[in-house]
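Have a look at the structure below, then the notes.
The values are calculated or read from the model by the stated rules, or taken from the named source; none is laboratory data. Remember, predicted model here, so these are calculated numbers, not experimental data. Here the Cβ is made from the backbone with ideal geometry for all residues, glycine too, and neighbour counts use every protein chain on show.
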Amino acid sequence: MAEVRCTVCGRPPVDRYVVSAHGEATCARHPADASCALCGRPRHGGEPGWTRFTSATGRCPTCTRQGVDGQDEARRHIPVVRAEMAALGIRLDRRVRVTLVEPDSINAGSPSLCLGRTVQRLWVGTSQVDVLGIEIARGLTATHFGATVAHEIGHAWLAERGARNLPPPLEEGVCELFSGAWLKRRGTALARRLRRIALDSPDPVYGAGFRMVRDAVVSHGIAAVLDSVCARGRLP
């Protein structure tokens, strides 16, 4: 196993240090002026290799190298994510287009970093909902990209099954469950860390929702949970 070395000084870290989602260590004694929006790696001054993510955030060199920056590259990943979700039993009745968009366009007015969204249309006076598309922030690593697509497929899947007006922790919790299942299936070190970060998140909607739905699955099984959510809008 390669020896862990600090991303700034190149020496083995001593005392306190920060570990990113990639497993990269940065000595805490180095002053940081920001951190990577995707993996949490601290940024030290003018350290080279960092790139812009949103207007207010950046990507570390590792996330930049692994970034899904173009639609052609996204198209290579999308069929794999769809196939892996189908293997988990999550299939969309209609194909939904996945499009890369600039991160700022889906973060306007958002209190926390948003990596994707599902665009839906509700027909006035009816219960019919059309899923118009899935938008994913440009520049995610392949692992972040796949996890985000899996999450947004969850929103589309719920919409197709008429599960509307769910409490936000319940809907986001189901979608985080799908994303977590995809990450667990990947089995890489980064996937394992991202799943753990999602489970431990203090966010009252995403983190708490994920834990709530995960606990229900442990108690009742995935089929009973999804049936109850779609049929009654609540956990069993």
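Among the residues of segment 187-197, count how many are assigned to a helix (DSSP H, G or I), surrounded by fewer than 17 Cβ atoms within 10 Å (Cβ to Cβ) and not aliphatic (A, V, I, L, M). Let's see the steps before the verdict.
Taking segment 187-197 and keeping what is assigned to a helix (DSSP H, G or I), we get 189-197.
When the remaining residues are screened for being surrounded by fewer than 17 Cβ atoms within 10 Å (Cβ to Cβ), the result is 189, 192, 196-197.
Keeping just the survivors that are not aliphatic (A, V, I, L, M) gives 192, 196.
The total comes to 2.
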Notebook entry, point to check: Out of all the residues in segment 198-230, which are surrounded by fewer than 14 Cβ atoms within 10 Å (Cβ to Cβ) and either within 21 Å of the chain's Cα centre (by Cα) or modelled with pLDDT under 95 (or both)?
Noted result: LEU199, ASP200, PRO202, PRO204, ASP215
Checklist line | Number of the condition not met by GLY187 [criteria: (1) touching a Gly at 6+ places or on another chain (Cβ under 9 Å); (2) modelled with pLDDT under 95] | finding: (1)
Margin query: Need pairs with beta-carbon distance below 6 Å; first residue at positive phi and within segment 131-157, second part of a loop (DSSP other than H, G, I, E, B) and crowded, with 23+ Cβ neighbours inside 10 Å; sequence gap 6+ or separate chains.
Written below: GLY139/PHE53
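Looking only at segment 4-27, count how many residues are surrounded by fewer than 17 Cβ atoms within 10 Å (Cβ to Cβ), in contact with a strand residue (DSSP E or B) (Cβ under 6 Å, 6 or more places away or on another chain) and under 24 Å from LEU113 (Cα atoms). Full working, then the answer.
Going residue by residue through segment 4-27, those that are surrounded by fewer than 17 Cβ atoms within 10 Å (Cβ to Cβ) are 4-5, 9-12, 14-16, 19, 23.
Now drop any that are not in contact with a strand residue (DSSP E or B) (Cβ under 6 Å, 6 or more places away or on another chain), which leaves 4, 19.
Adding the requirement that they be under 24 Å from LEU113 (Cα atoms) leaves 19.
Qualifying residue count, segment 4-27: 1.
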Next item on the list: Inspect all residues belonging to segment 126-144 and state whether any of them is small (Gly, Ala, Ser), in a strand (DSSP E or B), under 22 Å from ALA37 (Cα atoms) and assigned by TED's automatic domain parsing to the domain that holds ASP104.
Entry: yes
Note to self: Exactly one of these conditions fails for ARG91: (1) surrounded by 12 or more Cβ atoms within 10 Å (Cβ to Cβ); (2) under 15 Å from the mean Cα position of the chain (by Cα); (3) part of a loop (DSSP other than H, G, I, E, B). Give me its number.
What the structure shows: (2)
Item checked: Residue list for segment 104-127, filter: closer than 20 Å to GLU176 by Cα and not β-branched (Val, Ile, Thr) -> ASN107, SER110, PRO111, SER112, LEU113, CYS114, LEU115, GLY116, ARG117, GLN120
